[in-house]
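Comments concern the structure below.
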């Protein structure tokens, strides 16, 4: 298949682009390198030393003989996006090209507005471009399990049958997102469902859980292909951050009681889920929703798993409970369905001891690159002004020990 | 109370500002006159000859001795909006300052993007401004009944108790909006609910039905105070449009079968509902939702009512069924709850024969200003490009007769 991966230089996007290329698909990456710019803005960097995208793509060709096309530009720019769709004529577009960090969207008003405008307009542009230029192309859109929040009922995959006053209907599952970022994905979901309805577009909305891991078979071929590993408080997902903390002897930063339960998945399952979605396109007019995760954990359970794994390696790992910078339930019911991708053939990589060991080994391998001042939460959901000012060196370290 | 009316120069906003001023509240209008600009863009004008806002405000002061402050600017401009909130120190902000026409949002990609960015960012700015400068101020936000779509179950007021697999929760009512405009209001609703939750803001989200009528006690004081009466296919709400059509002997333009059933209300009830909401503020952290309409009708039922009223006046009124330019169910179940505003004291003005007569009389009084080429739908939900090119005079008339 011809597949365009929007946001193909990012964490999930890069792993996905390589996987799809390895599987024999014709892959084109579209990226504006916004993710790298946000690292500069926040004064952070990935634990792993990622290379520029042209270097990565040359290495991929050297190792596999496979070519991945690159289109540099912003999906907010309709003329650019339309020209890509026209040139690539994709069978599927995988859309990762959004601002994807909840804390980033909560820094202040400007970051909230940027996140919602960037994500919503990028997706609107894509819907209009597909309608105009490739109405049969399958949109594979990355949503998030965070769209649902933590309702006191089972979470279904996108839709729920409701019986009410003696009548029944199948309706979109009610959404209770927990940040301006998560809200942007809810807005996208509503826009996509509508576009499928009125224009008979095909879409799969993948409500992805929290992704962990960095190595896939493809990125392991050469260090030049190495993927991002974000451990900072803004872009670092929780398990990656814990492993980095354990590697340098920093207490694991559990927010509040740690009973916050979420769906998680290995990045090797992310890439497989994307391929499964592409190979099994939605019907014209259909907006399918799959919950894309494999296991549920509370963030405290994960901390204990990292502590145990660290102990085996001779690391002394402490667990700190910080005041929760987010507004969220710290203990709650959580039971989210996730059978549709399994039914289509996903074989999950569960979070085993061996995977945790390998994650810890990566963190240890690159630990000289870790800046512990990036661990502590500085973005506060309750504080509207959130004027985040990254301090460097001694000052940052001081602020960390002050908070503990 | 001190009340800021954002969008106070528009159809509902103007009537509301005068009503609240007459009731003794201190009113400030905030407007950027975007609504008047859209008239220029589309080549349309209100049936009634509205005056500039400064003329209107001088006439109001002349007749009542009451002053309404005016702040000219765009709620998309945070610094402007924040300066208004700081100066006015409102007890309530009534937020009408959005692009409010479904067809306008469906003209093409640019109008869709404009509508969503304008509405979503304006409301985000307001939420951040209230949080920063007036956290106790009550936000009274205009939503729309169109957020719900036409589910096959009863529509509740904002939230629904769902029992599922033996567990229960009260969740936001699922939304199935029918245009990029209606979607923008759904996005707003999610953003507002979240802001109330994390910042303890007070909000009332008024899901308003289709408004009809133009005269209120206040606007009737002097012709200089006259309100808008839009009859064109983009901004004209259905009943107003039918009355204008009847007045010039143009067939009533019913879209499709006409079984599309919606909630409706008299503009005199709009203004009263707003005051009721202001006088009964939501609690801190509460995001209340009221369904603001008084009666349900199908658009075909309304056409027959206008036909009957026209007959009494000696007008021969025909009904045309046009291919529906919208994607919507043309016959469906519809039963939407609307008791909360009644419980707070709303006494509805139902759509009686006498009201229809007065509406028709206004249409007849100003019928020389009617351009029949504005009646026919030119915006097509199914056509992504929708390059709307208003033709004038003969050409437009030709396109009308062609469509009939």
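Scanning segment A:368-384 for any residue that is at pLDDT below 65, within 14 Å of another protein chain (Cβ to nearest Cβ), within 27 Å of residue B:131 (Cα to Cα) and buried (at least 17 other Cβ atoms within 10 Å of the Cβ) turns up at least one such residue.
Regarding residue B:354, is this residue out of contact with any helix residue (DSSP H, G or I) (no Cβ under 8 Å at 6 or more places or on another chain) and at pLDDT below 95? Against the criterion (out of contact with any helix residue (DSSP H, G or I) (no Cβ under 8 Å at 6 or more places or on another chain) and at pLDDT below 95), residue B:354 qualifies. Each residue in segment B:164-196 was checked for being in a helix (DSSP H, G or I), at the interface with another protein chain (Cβ under 8 Å from one of its Cβ atoms) and more than 22 Å from the chain's Cα centre (by Cα), and 1 of them qualify. Determine, yes or no, whether residue A:227 is over 26 Å from residue B:184 (Cβ atoms), outside any helix (DSSP H, G or I) and touching a helix residue (DSSP H, G or I) at 6+ places or on another chain (Cβ under 9 Å). In short, yes. Filtering segment B:340-365 to residues that are surrounded by fewer than 18 Cβ atoms within 10 Å (Cβ to Cβ) and within 23 Å of residue B:43 (Cβ to Cβ) leaves only B:365. Going by the conditions given, is residue A:237 modelled with pLDDT under 95, under 30 Å from residue A:357 (Cα atoms) and either touching a strand residue (DSSP E or B) at 6+ places or on another chain (Cβ under 8 Å) or within 12 Å of chain B (Cβ to nearest Cβ) (or both)? When the stated conditions are applied, residue A:237 passes them.
Does at least one position in segment B:125-146 carry a residue that is in contact with a strand residue (DSSP E or B) (Cβ under 7 Å, 6 or more places away or on another chain), assigned to a helix (DSSP H, G or I), at pLDDT 95 or above and under 22 Å from residue A:192 (Cα atoms)? Within segment B:125-146, one or more residues are in contact with a strand residue (DSSP E or B) (Cβ under 7 Å, 6 or more places away or on another chain), assigned to a helix (DSSP H, G or I), at pLDDT 95 or above and under 22 Å from residue A:192 (Cα atoms). When we screen A:23, A:110 for residues that are closer than 25 Å to residue A:177 by Cβ and more than 21 Å from the chain's Cα centre (by Cα), the only hit is A:110. Here residue B:331 clears all of (1) modelled with pLDDT under 95; (2) within 30 Å of residue B:180 (Cα to Cα) except the condition numbered (1). Just give me the residues in segment B:212-237 being crowded, with 22+ Cβ neighbours inside 10 Å and within 13 Å of the chain's Cα centre (by Cα), in sequence order. Scanning segment B:212-237 gives B:212, B:213, B:214, B:228, B:229, B:230, B:234, B:235, B:236.
When each of A:278, A:287 is tested for being out of contact with any helix residue (DSSP H, G or I) (no Cβ under 6 Å at 6 or more places or on another chain) and at pLDDT 95 or above, the lone residue that passes is A:278. Set side by side, the residues A:350, A:361 differ, and just one is more than 14 Å from every other protein chain (Cβ to nearest Cβ) and part of a loop (DSSP other than H, G, I, E, B), which is A:350. In this structure, does residue A:322 turn out to be at pLDDT 95 or above, in contact with a strand residue (DSSP E or B) (Cβ under 7 Å, 6 or more places away or on another chain) and either buried (at least 16 other Cβ atoms within 10 Å of the Cβ) or farther than 17 Å from residue A:240 by Cβ (or both)? It is true that residue A:322 is at pLDDT 95 or above, in contact with a strand residue (DSSP E or B) (Cβ under 7 Å, 6 or more places away or on another chain) and either buried (at least 16 other Cβ atoms within 10 Å of the Cβ) or farther than 17 Å from residue A:240 by Cβ (or both). Restricting segment A:149-163 to residues that are facing another protein chain (nearest Cβ under 7 Å) and assigned to a strand (DSSP E or B), the residue that is nearest to the chain's Cα centre (by Cα) is A:160.
If you go through segment B:197-211 and pick out every residue that is within 12 Å of residue B:266 (Cβ to Cβ) and within 14 Å of chain A (Cβ to nearest Cβ), you end up with 0. Of the strands (runs of 3 or more DSSP E) lying entirely inside segment B:244-333, those carrying at least 3 residues that are closer than 23 Å to residue B:360 by Cβ are B:252-255, B:261-266, B:295-298, B:319-322.
The values are calculated or read from the model by the stated rules, or taken from the named source; none is laboratory data. Quantities reported herein were computed from a predicted structural model and do not represent experimental measurements. Glycine gets a Cβ as well: all are built from the backbone with ideal geometry, and neighbour counts include every protein chain shown.
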